[in-house]
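Below is one structure; the comments refer to it alone.
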Amino acid sequence: AGDGAIVVSAAGALYRVSSEKSELLATAPAQIRFILRKGSALLALLDDGRLTQLSGSDFSAVELVGPDEHTSNDAATTYANNLYVLDRGLGAIVKYEGTSRAFRQGTIWLNNKEMLQKSNSLAIDGNVFVITQEGLIIKLFRGERQDFAYHEFNPKLGATTKIYTTQESNNLYILDRDTKRVIILDKQGNIKDQFTSPHFDNLLGLAVNESEDTISVLNGRFIYSLAVKK
């Protein structure tokens with residue numbers, strides 16, 4: 001949110017959390033798997049595969065029809081009003097093209113079983129960044145792998161690491177649950193900052209403010225605010 005508040009999900013509900021208070025926004029019809037944005041709209045992709053949109057203090061259904069072979073939502077992100085979903089079992093990324101009110105039927109946008117069956121997170125800024133379960137960051141453009149020499153991590157990234165970025169962001173943000181770390185890379189692959197703490201024992205997600213000088217990290221039931229060096 002523009003005022004520094006962030007939106008988090010817990011026990012199938014959305015909350016707006018600021019330094020002053022926590023406010024219930026709405027309760028979802030199933031557990032929330034991913035919180036997403038499409039323009040100014042706030043979407044929730046549920047564990048059962050349904051897509052919903054926050055409307056006032058309630059959720060409304062958004063039709064989401066994928067290809068027949070698409071069965072699991074292992075990671076998801078939005079870019080240019082489109083929805084991209086990683087299906088690890090299929091070894092593919094499914095694209096749902098956004099319209100003003102809905103999404104068109106999904107199509108297989110990228111099919112690479114060798115890479116995507118071992119991946120667990122993706123982020124898109126025009127390029128596609130994928131993190132594999134082997135701790136590798138792969139950069140793709142129009143489905144083709146690009147050279148991306150990044151600083152080697154010590155210890156290496158864990159098997160459940162997540163990656164975040166946006167078209168407007170200058171950085172890649174990495175949430176490494178296995179090594180209890182938050183890492184910031186610039187898009188040339190240089191480490192700008194990294195944070196670790198014994199308190200990071202259940203890292204769930206992160207959000208970055210618009211000026212990219214503060215990261216909010218959700219760890220279990222607690223939110224930690226991290227100041228980013230310029």
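Remarks
- Scanning the range 6-49 for residues that are buried (at least 18 other Cβ atoms within 10 Å of the Cβ) and assigned to a loop (DSSP other than H, G, I, E, B) yields a single hit, A28.
- Per-region count, the range 86-120, residues outside any loop (DSSP other than H, G, I, E, B) and open to solvent by 10 Å² or more (accessible area, probe 1.4 Å): 12
- From the options D176, D201, residue that is acidic (D, E), open to solvent by 30 Å² or more (accessible area, probe 1.4 Å) and within 22 Å of V8 (Cβ to Cβ): D201
- Residue satisfying all of: in the range 184-194; assigned to a strand (DSSP E or B) and more than 19 Å from the chain's Cα centre (by Cα); nearest to E152 (Cα to Cα) among these: I191
- Residue tally, condition surrounded by 16 or more Cβ atoms within 10 Å (Cβ to Cβ) and part of a loop (DSSP other than H, G, I, E, B), over the range 213-230: 1
- Take the conditions (1) in contact with a Ser or Thr (Cβ under 9 Å, 6 or more places away or on another chain); (2) crowded, with 17+ Cβ neighbours inside 10 Å; (3) not in a loop (DSSP other than H, G, I, E, B); K139 misses just one of them, which is (1).
The values are calculated or read from the model by the stated rules, or taken from the named source; none is laboratory data. In this text the structure is predicted, and so the values were computed from the model without any measurement. Reconstructed Cβ throughout: ideal geometry from the backbone, glycine too, with neighbour counts over all protein chains shown. The area values use the complete protein model at the heavy-atom level, side chains included, leaving out ligands, DNA and RNA. Shrake-Rupley method; radii C 1.70, N 1.55, O 1.52, S 1.80 Å.
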